Amino acid sequence: MTPTRTIQAFIDAKKENTTPSAEVWNSLKGYRQWNEPELIGLRNASGYYPDIYFENGMDETISKLLAKFKEKVVPHKF
């Protein structure tokens, strides 16, 4: 399951007042390997559904991962 689909499936389950599937939870556990846009989406989803953060300190971990992506951006001059 792709990270984007994982977040969407979690949101859909919450809107329908159902429990997200085990597949969704298993995919969420791999968030440390996700790319920058998916991490931003995960963080945005937590604003509406805070229970998407399933472990303590998850927001701080995401912040650190996003900071690493920011370090990779190399400014260039025209």
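Key figures for this structure:
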| item | result |
| --- | --- |
| Degrees between helix 36-48 axis and first principal axis of the chain (Cα, 0 to 90, nearest 10) | 50 |
| Tyr49-Lys72 FRET efficiency (beta carbon distance; Förster radius 22 Å; 0.05 resolution) | 0.15 |
| Among the listed pairs Lys29/Lys68; Lys15/Lys70; Lys14/Lys72, those beyond 30 Å (Cα-Cα) | Lys15/Lys70; Lys14/Lys72 |
| Gyration tensor (alpha-carbon) shape descriptor, the range 1-49, a/c threshold 1.5 | oblate |
| Longest segment of the chain lacking GluC sites (Glu not before Pro) that sit in a DSSP loop with at most 15 other Cβ atoms within 10 Å | 17-54 |
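FYI, it's all coordinate maths here, none of it is from the lab. Note that the structure is predicted; figures quoted are calculated from it, not measured. Using ideal geometry, Cβ is built from the backbone for each residue, glycine included, and neighbour counts are taken over all protein chains shown.
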